[in-house]
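The structure under discussion appears below in the form of structure tokens.
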Amino acid sequence: MRPWLWLSLLLLHEALRHVGGESAKGKRPKEPGENKIKPVNKKVKPKIPKLKEKESTDSSSKSQSIMTQVMDKGRFQKPAATLSLSAGQNIELRCKGNNIRWSYPSYLDTFKDSRLNIKQLDRYGQLILVNSTAADTGEYSCWLQLCHGDNCKKDESKTGSTYIFFTDKGELFVPTPNYFEIVYLHPDKPAVIPCRITIPSAKVTLHREFPAEEIKTDGTNTIYDMKKGFIYQHPTSDNKGVVYCRAESQGAPQISIKYQLLYVEVPTGPPSTTIMASSSKVEGGDNVNILCTVLGEPDIEVKFVWMYPGQESERPVTIQDSWRLINRGIGHTTRISRSVIVIEDFETNDAGSYVCVAQNSRGQTTVATSVELA
Ligand SMILES: *[C@@H]1O[C@H](CO)[C@@H](O)[C@H](O)[C@H]1NC(C)=O
């Protein structure tokens, strides 16, 4: 509904502006210069069909992109949603505004690449990438950063973006620094096998290594997105295993790196935590350790906080956190996160409850055990 309202208002505004122009014209005789002004009016008009078109295809962006591409001989053009350039070419993008932020393939950051140059000028931000390579393929976007004092936020109505393919016949897949990548399959979210291509017209297929077979896309649950890779919308444990992508574009086919798909069976939620003391009845002077353990998803970090009897008196203790991945059968991986608190030379004041709070992005769990003097 809203884009329509916008459009109607714009049309109304345009209509009123015209009526205004018409009546003003009627009040006085035509002057020689007036014919020169008229075409300016005409130039404004074509913006409306353009806007209409945009709204019918992309209802999320209410405003026009602030991005322009600098072409040869100082010409400018609005970049399309995707651009195809040959690797080796340079590109210059500009975004209107006095405080422009950029995002670009993270690869360029990782290597602190001297080929990328970003500058803020008075009225626009500028991004120049020279000697491009297939690895630079990806999303380039900009936005206006609004600041009040130290408080800054993105102006959602002043943005622009384009996805650039840097085509290279020798590199049909966007190269990555790894030979091998792990993709975690969670039952509750899409999994992406990130074999992206550099030539949009390349034909890409997904293959299982063992048994060797092509994995067919079905257009709904398994799809290929040129800007992301193969996507399993609802991964199941049947999808696990080693896979690779194959691309073909007028020449010998090429093969991507291998991806190991691991199915994550642990239910998502607050950490599943257990606590265990080396002993619950100890002699004075003994050393005691209490272990708090969380089994969880491989890519979910866990933070531990301890509460213990000697805490207020600032009794010295040692706390050590660690984690590792363990393999629980073919393709099933669990992250085991641990925190150990060590009480040396146990005394009366140390007797009581030891509480471990384990926290992940989905919540927290509290477990406790008591240690008493024998
Ligand atoms: C780009 O390539 C040219 C020619 O190979 C080279 O002279 C120049 O140093 C390169 N520029 C950067 C920033 O890498």
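The values are calculated or read from the model by the stated rules, or taken from the named source; none is laboratory data. From a predicted model like this one, the values you see are computed outputs, not experimental measurements. Every residue, glycine among them, receives a Cβ derived from its backbone with ideal geometry; neighbour counts consider all protein chains shown.
Mind checking which residues of segment 66-95 are surrounded by fewer than 17 Cβ atoms within 10 Å (Cβ to Cβ), more than 16 Å from the ligand (Cβ to nearest atom) and among the charged types (D, E, K, R)?
ASP72, LYS73, ARG75, LYS78, listed by residue number.
Within segment 292-311, count every residue that is modelled with pLDDT of 90 or more and either surrounded by fewer than 16 Cβ atoms within 10 Å (Cβ to Cβ) or at positive phi (or both).
So the count comes out to 5.
Looking at (1) touching a strand residue (DSSP E or B) at 6+ places or on another chain (Cβ under 9 Å); (2) not assigned by TED's automatic domain parsing to the domain that holds ILE199, find the lone condition where PRO187 falls short.
Unmet condition: (2).
With respect to ILE290, determine if the residue is hydrophobic (A, V, I, L, M, F, W, C) and within 23 Å of the chain's Cα centre (by Cα).
No; evaluated as a whole, the condition is false for this residue.
For GLU181, which of the numbered conditions (1) crowded, with 18+ Cβ neighbours inside 10 Å; (2) of a type in the set (Asp, Glu); (3) not in a loop (DSSP other than H, G, I, E, B) fails to hold?
Every listed condition holds for GLU181 apart from (1).
I'm trying to understand the selection: among the residues of segment 118-151, which are within 16 Å of the ligand (Cβ to nearest atom) and touching a residue at least 12 places away in the same chain (Cβ under 8 Å)?
Passing the criteria: ILE118, GLN126, LEU127, ILE128, LEU129, VAL130, ASN131, SER132, THR133, ALA134, ALA135, ASP136.
Of the residues that make up segment 275-288, is at least one outside the structural domain of PRO187 (by TED's automatic domain parsing), on the phi > 0 side of the Ramachandran plot and in contact (Cβ under 8 Å) with a residue 60 or more places away in the chain?
yes
From the list TYR244, TYR224, pick out the single residue that is touching a residue at least 24 places away in the same chain (Cβ under 8 Å) and in contact with a strand residue (DSSP E or B) (Cβ under 8 Å, 6 or more places away or on another chain).
Going through TYR244, TYR224 in turn, just one is touching a residue at least 24 places away in the same chain (Cβ under 8 Å) and in contact with a strand residue (DSSP E or B) (Cβ under 8 Å, 6 or more places away or on another chain): TYR244.
Among (1) assigned to a strand (DSSP E or B); (2) within 30 Å of ASP350 (Cβ to Cβ); (3) of a type in the set (Ser, Thr, Tyr), there is one condition SER279 misses while meeting the rest; what is its number?
(1)
Can you tell me which residue is nearest to ARG196 (Cα to Cα) among those in segment 96-117 that are touching a strand residue (DSSP E or B) at 6+ places or on another chain (Cβ under 8 Å) and within 16 Å of the ligand (Cβ to nearest atom)?
Within segment 96-117, the match that is nearest to ARG196 (Cα to Cα) is TYR107.
Which one of SER132, SER157 is of a type in the set (Gly, Ala, Ser) and assigned to a strand (DSSP E or B)?
That would be SER157, the only listed residue that is of a type in the set (Gly, Ala, Ser) and assigned to a strand (DSSP E or B).
For segment 180-198, which residues satisfy the criterion of being under 15 Å from SER237 (Cα atoms) and acidic (Asp, Glu)?
ASP188
Check segment 159-169 and report whether any residue there is farther than 30 Å from THR333 by Cβ, within 16 Å of the ligand (Cβ to nearest atom) and hydroxyl-bearing (Ser, Thr, Tyr).
no
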